[in-house]
Amino acid sequence: MLESETGDATLLEGVKPPERSIHQNSEQLLMEAARRSDETTRTRRLSPPVAHPVSSSALTLQAPKLIQFDALGEAITHVLKPTKTSVGRAPHNDLCLPVDAVSSIHCDFEVRGQRLVVTDQHSLNGTFVNGQRVINPVELNEGDTIHIGGVALRFFWHSSPQIPGG
């Protein structure tokens with residue numbers, strides 16, 4: 001083992017090195033810390049994803065909405081804001097989807113008159129409309145299917161969605 005006290009190295013024969021307590025390099029340790037931090041954030045937010053509540057039921061009927069089906073096949077309705085709705089995994093989004101494949105800031109839905117436009121925010125896993133990746137903003141049509149990091153949603157505004165069993 002080498003020992004250095006004054007800047008000179010000397011070889012010490014027969015000296016056993018101390019037992020290591022860290023078995024990974026610094027990059028691996030930083031990545032593990034980030035993963036644990038992210039996991040802690042996710043486990044604090046395991047409640048079903050919701051959009052901001054809308055006070056009037058009449059407004060809810062005429063507001064654009066996304067329908068999501070959970071693991072049990074139950075429909076979850078996300079009512080979009082009348083201007084712009086941000087979507088992502090981070091809790092500060094208007095619509096939080098706590099799923100690993102969803103980026104922290106994934107996409108935006110923006111109402112433009114009587115149209116709804118989705119814009120991907122440079123997400124890692126992409127935003128797709130009817131199977132086509134969103135590169136530029138895409139205007140949605142009634143009944144379109146949107147995939148956000150593996151979460152499937154159907155868009156409705158002017159018609160009532162046909163919900164199985166509902």
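Let's test the formula: R0 of 45 Å, r as the Cβ-Cβ distance of SER104 and VAL15. What FRET efficiency results, to the nearest 0.05?
0.35
Using a 7 Å offset from the Cα along the Cα-to-Cβ direction at both ALA90 and ARG115, what is the distance between the two label points in nm, to one decimal?
Taking the two extended label points, one gets 2.8 nm.
With a 1.4 Å probe and all protein chains kept in place, how much accessible area does HIS158 have, in Å² rounded to the nearest 10?
Roughly 120 Å² of HIS158 is accessible to a 1.4 Å probe.
The values are calculated or read from the model by the stated rules, or taken from the named source; none is laboratory data. Since the model is a prediction, treat every value here as computed from it, not as a measurement. Quick reminder, even Gly has a Cβ in these numbers, built from the backbone with ideal geometry, and neighbours come from all protein chains shown. Only protein heavy atoms, including side chains, enter the accessible area calculation; ligands, DNA and RNA are left aside. Shrake-Rupley method; radii C 1.70, N 1.55, O 1.52, S 1.80 Å.
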